[in-house]
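Below you'll find the structure, written out as structure tokens, and then a few comments.
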Amino acid sequence: MKKAVLGGAAVATLLAALFAPEDEGSIVGPATATTRQVERVTPATVLPDAAAPAPGRPLAIHPRRALDDDEAATLFAKQSWQPDTPKKIMLDQQAAQATRTVAAVDANAPPPLPFQFLGRFVDEGKAAYFLQAGDRNVVARPGDTLEERYRFDGVVQGALQFTYLPLNQKQTLAVGDLN
């Protein structure tokens, strides 16, 4: 079997040599040189008119100029297209608005509730509500006093109801669906 394979390979090589093209350049043609017109570049065509050197005079190399302290300090300073005046006017208006808002708050109104609703847990039919007051977590049940100023009254129409004890005023915390 090896002899048959070797014989077939020898015959295929012999046939390829017999029928190969005679000239080597028939598959790939010879390279041809092409020329194109190149525009001659002079310093006057590269540099703008003001920076072009006088004819016959070479370009001069100047040493780098050192930055003074004022230029170095503002090198990476914050840049803005807005003038300073509108910023100052807007800040003054915002401060005045904040002052009016604080003055408009009724002196007899309780402060806003310091609680955020986290969740609810029901054990043996008794519900406990998880609240967050600042950075502390609080578990509240109806009737509990929280933060020494609030009493948790319970759930009224899908919202938690508290009483602000110093003024004896009711406040509610909307929590959405309590299912």
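Note on ASP69: accessible area is roughly 130 Å² with a 1.4 Å probe, heavy atoms of protein only. How much net charge surrounds LYS170 when only the other residues with a Cβ under 14 Å from the Cβ of LYS170 are counted, with Lys and Arg +1 and Asp and Glu -1? Net charge around LYS170: +1. Listed peptides 160-171, 57-68 appear in the order 160-171, 57-68 once ranked by packing, highest mean of other Cβ atoms within 10 Å at the front.
Residues whose amide H comes within less than 5 Å of that of ASP144, counting only those at least five positions distant or on another chain, are PHE152 (H built at 1.01 Å from N in the peptide plane).
What FRET efficiency do you get for ASN108 and ARG149 if R0 is 22 Å and r is their Cβ-Cβ distance, rounded to the nearest 0.05? According to the calculation, E is roughly 0.90. Would you pull out the residues with amide H under 5 Å of THR172's amide H, same chain only if 5 or more places away, H placed 1.01 Å from N? Here the answer is PHE162, since their amide H atoms fall under 5 Å of that of THR172.
The values are calculated or read from the model by the stated rules, or taken from the named source; none is laboratory data. Bear in mind that the values here come from a model prediction, so they are computed numbers and not experimental data. Cβ atoms come from the backbone with ideal geometry, glycine included; neighbour counts cover every protein chain shown. Note: areas computed on protein heavy atoms with side chains; ligands, DNA, RNA excluded. Shrake-Rupley method; radii C 1.70, N 1.55, O 1.52, S 1.80 Å.
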